[in-house]
Amino acid sequence: MFLKNNKLIHRKSIKKNFFGYSVKKFSIILASILILTNTTSLLMNSNVIFAKEKSVRSENNSAIEPLQSLNKIINGDFENNHISEKQNWLYKAGEKSKIISENDNSYGKIESDSNDEYILQSIPTISGKTYKVSADIKVNAPEGESPSKVFLVAMKGSLENTVNNYQQIEFSTKINEWQKNELEFVADTSQALIGIVKKGTNNKTEISIDNVVVTENESSNSKVIWYDEFSGNDLDQTTWRYELGSLRGNEQQHYVSSKENVFLRDDNLVLKITDRPKEYQYDNPRWIGRNPRKIIYNSGDICTMGKKEFLYGRIEMKAKLPKGKGAFPAFWTLGNVYPWPSNGELDILEMIGAPTDERLKSGEKPATKTGDQQSNKILYGTPHFYYANTNDPDKDGSYAPYVLGGNISLANDLNDDYHIFGINWTPERVEWYIDGVIYNTMYLFGDQRLEAAAKCINSPQHLKINLAAGGNWAGDAGTHLGEDNTEFVIDWVRWAQTDEQEQAMNEYYKTQPVISGIRDFTITEGSDANLLDGITVDKDNYYIDCTIDNEYMFDNLSDVQKIESISMNEVNTLSPGVYNINYKAQPKGIVLEETPTHKVTYKSSTLIVLPKEELVGVKGDSLSSVELPNGWEWQNKDLIIGSQETYPVIFRNLEGTGNERTTIINIPLSVVDKEIDNNADNETDEEPIDKNIDNNEAKNEQQNIDTNSNITEVNVDKDNNTLPKTGGQNSNLLFAAAIFLIVSSLVFLMPKKKIFKI
């Protein structure tokens with residue numbers, strides 16, 4: 001039984017009982033198929049949703065390991081695993097105060113028969129802050145005598161004045177086994193001396209110390225407010241963007257977005273150095289005429305500029321660093337707008353790799369210009385900022401003299417294991433640490449230079465992660481980094497804040513200009529577009545500047561190239577592809593240079609340029625029927641045209657090697673209705689039955705089925721950034737069940753022998 005233009009079509013040759021049985025069977029089968037299809041689709045989409053939820057990046061709670069307490073003592077276990085160039089243990093001259101080793105343990109000891117001895121370490125403090133000291137102590141004295149005048153101390157002042165204590169614990173009984181002792185003090189100076197002291201002359205008491213920890217009591221515990229575990233298959237491009245080409249210094253790498261050089265593996269981000277094809281090697285363009293180094297490698301560099309910014313708190317990374325001559329990994333922050341160094345820079349980690357043991361054996365030598373700086377064991381933490389009164393040619397206040405940066409040397413290569421590298425940043429100071437051990441502290445008050453640092457650094461910063469090769473500081477890179485599989489492997493990055501740090505951040509943003517109306521734009525090739533349309537700033541004395549860059553369109557194999565900055569009046573010249581729109585709210589009539597005196601806001605969005613030829617699809621057909629330009633690909637070609645407003649497209653950059661970067665974007669599609677076959681109304685009852693089923697019908701009209709309910713199976717690709725909507729699937733399931741019940745009821749309620757009266 002079929003309907004055509006609301007008229008019953010008869011076929012005398014069809015037997016009634018057979019026809020009724022067929023309708024019954026067909027109804028059951030049809031309804032069963034619809035139920036099965038929709039149920040399967042619902043279950044599959046539910047699995048997709050579940051998988052997506054597991055990989056969502058949380059803004060509230062971290063799934064990674066808990067935050068470490070930060071220890072202000074270097075080498076607190078006396079094992080020499082951490083050696084700082086700024087602070088270590090201080091001893092009285094002679095042989096009575098020293099570090100000894102026994103039973104595979106090292107510790108500090110003041111021996112008997114000594115006078116006024118000490119083992120102390122000077123730590124930076126903040127006046128008014130409370131500090132907790134913890135240490136293991138042993139105390140001994142000759143048989144029949146009690147210990148005398150030995151102390152665990154927190155002192156202020158200098159070594160010459162050991163009487164002025166914050167707090168002290170005096171030990172007057174023997175302690176034969178290690179015993180943990182604790183004390184607290186409130187600082188009123190910028191430094192404190194922590195350790196053990198022995199007073200008097202000819203004192204026969206021995207005192208030993210081990211496992212010293214000093215922590216600052218926070219007003220509240222730090223909480224993680226953002227993190228990225230680098231799970232999935234692709235970099236989260238809502239947070240990260242690529243920096244490309246030859247960018248900084250006299251270095252020897254060309255940054256690319258290829259998946260050979262920037263990729264996710266086993267829930268890690270990997271930045272990898274590979275050999276750059278010889279035909280694309282070139283001299284560093286910034287050093288022509290000044291002994292430029294040859295750019296011989298490809299590598300990776302990502303940042304959060306315009307997408308996510310940071311102000312105060314703990315910013316840290318868990319990573320395994322590369323090794324090899326001139327391998328130069330970095331994790332750092334940079335201000336958004338002002339020219340360098342006025343924008344402020346915090347190098348959270350830098351390391352300059354040395355030749356591996358294997359390469360040393362084969363004859364490779366460290367770079368001579370850098371001396372001991374090339375080491376797989378030394379970590380550097382350094383600030384950069386504008387300071388007018390320095391002799392440094394760049395007016396970088398970290399130099400001349402160089403006292404604000406710090407470094408720490410580990411017993412083992414930084415490549416041997418994962419480590420946690422971070423800064424703890426407040427309006428008053430920046431602390432650099434590794435694995436919870438603070439090795440450098442820079443105050444942001446106290447003199448003109450430090451106050452200049454505060455003006456540059458205490459403003460929103462974006463994150464950068466890169467793997468360079470060689471440079472003026474790093475020296476010449478070795479020629480084996482590509483073949484030696486040189487990788488910078490990042491497990492996670494995160495940002496945490498205390499209540500005090502969050503309050504300080506919010507106070508800063510109270511007067512920060514706010515840009516409203518930022519959104520993605522989609523235009524066709526050759527079109528003019530006002531990218532400032534609807535974009536406003538909330539301050540009258542500010543205006544919005546707008547530029548475009550070709551990050552997504554970058555050609556990895558080109559000659560000397562870097563990201564181009566494109567003005568707004570050049571929008572109509574852009575080729576089809578994907579671009580960044582960069583918005584900057586800045587004060588009117590102000591040149592942004594030297595000391596930052598005005599707050600500036602920087603944000604970015606996406607510009608999609610579609611091919612000039614309009615993309616048109618027929619409603620009801622699949623996306624596979626619409627041809628896309630070269631380099632564009634439907635993420636799910638089976639999606640039905642007309643089922644949604646925009647459709648996901650995989651866009652590839654121009655390299656064409658198979659390892660190029662891909663980006664998922666959503667584009668609109670012009671939709672037209674299918675043409676209706678006007679000859680269908682002229683069909684007669686004498687036509688064969690198979691011709692009554694019109695596969696090209698624009699409208700299906702059946703007495704008991706209204707196909708306008710759009711029963712459509714939508715396949716959602718697991719990599720689609722948009723979660724599938726399940727409401728339609730549920731309605732489809734219910735609708736299929738209704739069909740089954742209605743049709744089955746009609747069949748079984750009719751007379752058994754005469755199903756239909758024809």
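The values are calculated or read from the model by the stated rules, or taken from the named source; none is laboratory data. Please read these numbers as outputs of a predicted model, since none were measured by experiment. Cβ atoms come from the backbone with ideal geometry, glycine included; neighbour counts cover every protein chain shown.
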(message) Restricting to the stretch 456-481, give me the number of residues that are at pLDDT 95 or above and within 22 Å of PRO383 (Cβ to Cβ).
(response) 13
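So which residues in the stretch 374-406 are touching a Cys at 6+ places or on another chain (Cβ under 9 Å) and in a loop (DSSP other than H, G, I, E, B)?
Scanning the stretch 374-406 gives PHE385, TYR387, GLY397.
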(request) Return the only residue of THR390, THR333 being polar (S, T, N, Q), in contact (Cβ under 8 Å) with a residue 24 or more places away in the chain, closer than 29 Å to ASP499 by Cα and out of contact with any Ser or Thr (no Cβ under 8 Å at 6 or more places or on another chain). (result) THR333
(request) Hand me the list of strands (runs of 3 or more DSSP E) wholly inside the stretch 551-658 holding 2 or more residues that are under 30 Å from THR536 (Cα atoms) and at pLDDT 95 or above. (result) 577-587, 601-610, 646-652
(request) Looking for whichever is surrounded by fewer than 22 Cβ atoms within 10 Å (Cβ to Cβ) and small (Gly, Ala, Ser) here; the options are GLY422, GLY478, GLY482, GLY470. Which one fits? (result) GLY482
(request) Tally the residues that are within 42 Å of the chain's Cα centre (by Cα), surrounded by fewer than 21 Cβ atoms within 10 Å (Cβ to Cβ) and not in a strand (DSSP E or B), restricting the search to the stretch 114-135. (result) 4
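Looking at the stretch 39-113, what strands (runs of 3 or more DSSP E) fall wholly within it and have at least 3 residues that are more than 30 Å from ASN221 (Cβ to Cβ), outside the structural domain of ILE123 (by TED's automatic domain parsing) and modelled with pLDDT of 95 or more?
Answer list for the stretch 39-113: none.
Every residue, every condition in (1) more than 47 Å from the chain's Cα centre (by Cα); (2) in a strand (DSSP E or B); (3) among the aromatic types (Phe, Trp, Tyr); (4) not assigned by TED's automatic domain parsing to the domain that holds ASN261, yes or no:
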residue: ILE169; (1), (2), (3), (4): no, yes, no, yes
residue: GLU177; (1), (2), (3), (4): no, yes, no, yes
residue: GLU182; (1), (2), (3), (4): no, yes, no, yes
residue: THR189; (1), (2), (3), (4): no, no, no, yes
residue: LEU193; (1), (2), (3), (4): no, yes, no, yes
residue: GLY200; (1), (2), (3), (4): yes, no, no, yes
residue: LEU235; (1), (2), (3), (4): no, no, no, no
(message) Criterion first (among the basic types (Lys, Arg), touching a strand residue (DSSP E or B) at 6+ places or on another chain (Cβ under 6 Å) and surrounded by fewer than 22 Cβ atoms within 10 Å (Cβ to Cβ)) does ARG429 satisfy it?
(response) yes
(message) at positive phi and out of contact with any Lys or Arg (no Cβ under 9 Å at 6 or more places or on another chain): which single residue out of GLY405, GLY436 fits that description?
(response) GLY436
(message) Tell me whether the stretch 205-226 contains one or more residues that are in a strand (DSSP E or B), under 30 Å from SER148 (Cβ atoms), touching a Pro at 6+ places or on another chain (Cβ under 9 Å) and in contact (Cβ under 8 Å) with a residue 12 or more places away in the chain.
(response) yes
(request) Test each condition in (1) surrounded by fewer than 18 Cβ atoms within 10 Å (Cβ to Cβ); (2) touching a Gly at 6+ places or on another chain (Cβ under 8 Å) for PRO596 and report the one that comes out false. (result) (1)
(message) Just the residues that are over 23 Å from TYR380 (Cβ atoms) and part of a helix (DSSP H, G or I), please, taken from the stretch 444-455.
(response) GLN448, GLU451, LYS455
(message) Restricting to the stretch 203-238, and then to whatever is of a type in the set (Ser, Thr, Tyr) and surrounded by fewer than 16 Cβ atoms within 10 Å (Cβ to Cβ), can you tell me which residue is nearest to ARG293 (Cα to Cα)?
(response) THR238
(request) Considering only the stretch 136-190, state which residues are β-branched (Val, Ile, Thr), out of contact with any Leu (no Cβ under 6 Å at 6 or more places or on another chain), under 17 Å from ILE110 (Cα atoms) and surrounded by fewer than 17 Cβ atoms within 10 Å (Cβ to Cβ). (result) THR173, ILE175
